[in-house]
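Report on one structure; see the data block that follows.
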Amino acid sequence: MATFPPITPLSVEGLAFAVDGKQLLSEISFTLEAHRTALVLGPNGAGKSLLLRLCHGLLQPTAGRVSWQGAGADQASAHQAMVFQRPVMLRRSAAANIDYALSLRGVPARQRSSLTAEALERAGLSALAKRPARVLSGGEQQRLALARAWSVRPQVLFLDEPTASLDPAATRAVEELIGRIRADGTTIVMTTHDLGQARRLADEIIFLHRGRLVEKTAAADFFSNPQSQEARAFVAGELLW
Amino acid sequence: MNDFSDAFATALSLILNLDQDLAEIVLLSLRVSLTAVLVAAVIGLPLGAALALFRFPGRSAAIVIVNALMGLPPVVVGLVVYLLLSRSGPLGPLGLLFSPAAMIIAQAVLVTPIVAALTRQVVEDLWAEYEEQLRSLGATPARAIGTLLWDGRFSLVTAVLAGFGRASAEVGAVMIVGGNIAHVTRVMTTTIALEVSKGDLALALGLGIILIALSLAVNGAASLIRETARRYQGALA
């Protein structure tokens, strides 16, 4: 898995998405290089989650396109994973949840148990391996969802508000896990409404407002010197709609 | 009222003494209905799941039809299966009419829509929750159906048991295609109908008690399974 040619960079050109004539995203264009962590920011309803789903291929754009530019692009979907705001836990044990993801990616059964153990270990969930996933706490479920996503060694990992409904301690554990996944060289595209989290994790910021891309800049520049009026207001903590 | 208490006493003694005829009838009933439910589950579970997952022209109509078929009148099913299996019918050469196999076919026809319709509902709810995650993980539709049936297993047990309740309680279809032949196709419900008309209330009542006990046991089992699931899997939360 590790030696597969890269699927990145990710190129998004003129991307638009509309439902029932309502334009939710329009004219989004950007490029994302490998091994970067991009945080998608913006007020509620800006289209952050939508952008992630379009990039991941869960939704088809109404205009424009998402394309993977790397040598491994023809198998791009097999080298991405996504974690959702509310973790979707299958009704089986924590370990079986990871085993399931590995089996879908065609990992042979004899390799799955060691990879599963490794992923659980990484998320600090080894002791809970046999526990039914759905009785775990919210934070544990989200770490399991991350471990499951990471177990297939994705080149690109999409995270949709992974800490939105967690308390600070659980948020910290999840952020640490994200940090480790990032340190492996995984490209991460993540939404959050937590500016502090964005400062802690981001290499780049993709700032959306009302379905449009307002800014895409290095994180340091975005926070110290936002270019657009909207971004300035957003960083300053003003209410933006 | 004396009739009733006499019949009741005789019925109880038949049950407690494991009366040979009674046992034979009960066992045949179970064999026919359980096999029919097994056949219905093998067809109805994937069918219901497919209806939940796939979008195709005429899907709404198909769902309406399957739901409507849940209320299929047993005598009509009996009649249709009778026509198919009768000597001059298309399946006549199989020689199945008035055999337990014919009764299994008729009950399977009755139960399949129940299993399929209830499965469709369960799987559709589950799919709403799972769809994005399963697609993200790269599940093919066939694999997704298997996963949804497995993850919905505790709710689906109820669907299958509902089908069993229907099969074991039904009299019209097995009467027509089985013929209620003693020691061959005589089951609990057809015996009750016959014995009541003959005036032998004891055997009829004994069988009635067993039928009701069976229905209680089945529903008790369903509720136990759901409770267990809730406690250990958080499955229905």
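Bear in mind these aren't lab numbers, they're just calculated from the coordinates by the rules spelled out. Note that the structure is a prediction, hence the values are computed from the model and not measured. Glycine also receives a Cβ, built like all others from the backbone with ideal geometry; neighbour counts cover every protein chain displayed.
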Inset, instruction - Could you tell me whether the range B:2-233 comes out rounded, prolate or oblate from its Cα gyration tensor? Rule is a ≥ b ≥ c as square roots of the eigenvalues, rounded for a/c under 1.5, then prolate if a/b exceeds b/c, otherwise oblate. - result: oblate
Legend entry - Total formal charge among the other residues, if their Cβ is under 12 angstrom from that of A:ALA183, Lys/Arg +1 and Asp/Glu -1: +1
Inset, instruction - Any chance you could give the angle, 0 to 90 degrees and rounded to 10, that helix B:74-85 forms with the longest Cα principal axis of chain B? - result: 90 degrees
Legend entry - Semi-axes of the equivalent ellipsoid for the protein assembly as shown, Cα gyration tensor, largest first, Å: 60, 23, 20
Legend entry - Cα gyration tensor, the range A:58-213 - rounded (a/c under 1.5), prolate or oblate: oblate
Inset, instruction - Among the GluC sites (Glu not before Pro) in the range B:135-237, which ones are in a DSSP loop with at most 16 other Cβ atoms within 10 Å of the Cβ? Mind listing them? - result: none
Inset, instruction - Would you mind calculating the relative contact order of chain B from Cα pairs under 8 angstrom and at least 6 residues apart, reporting the percent as a whole number? - result: 31 percent
Inset, instruction - In a Gaussian network model over chain A where Cα atoms closer than 10 Å are linked, find which of A:LYS48, A:LYS216, A:LYS22 has the largest mean-square fluctuation. - result: A:LYS22
Legend entry - Proximal lysines relative to A:LYS216, as straight alpha-carbon distance under 25 Å, when same-chain residues fewer than 8 apart are discounted: A:LYS22, A:LYS48
Inset, instruction - Arrange the following residues from fewest to most other Cβ atoms within 10 Å of their Cβ: A:ILE181, B:ILE15. - result: B:ILE15, A:ILE181
Inset, instruction - Take chain A, connect every pair of alpha-carbon atoms lying under 10 Å apart with a spring to form a Gaussian network, then pick out the residue of A:ALA164, A:ALA123, A:ALA202 with the largest mean-square fluctuation. - result: A:ALA164
Inset, instruction - Count, for each residue of B:166-174, the Cβ atoms from other chains sitting within 10 Å of its Cβ, then give me the mean as a whole number. - result: 0
Legend entry - the range B:88-223: relative contact order in percent, alpha carbon pairs under 8 Å with at least 6 residues between: 31 percent
Inset, instruction - Go ahead and set up a Gaussian network model of chain A, Cα springs under 10 Å, then flag whichever of A:VAL174, A:VAL12, A:VAL135 fluctuates most. - result: A:VAL135
Legend entry - Efficiency of FRET from Cβ geometry, B:SER86 and A:LEU24, R₀ 51 Å, rounded to 0.05: 0.25
Legend entry - Percent RCO, i.e. relative contact order, over the range A:111-241, from Cα pairs under 8 Å lying at least 6 residues apart: 17 percent
Legend entry - DSSP-defined antiparallel bridges as percent of all bridges, the protein assembly as shown, nearest 5: 55 percent
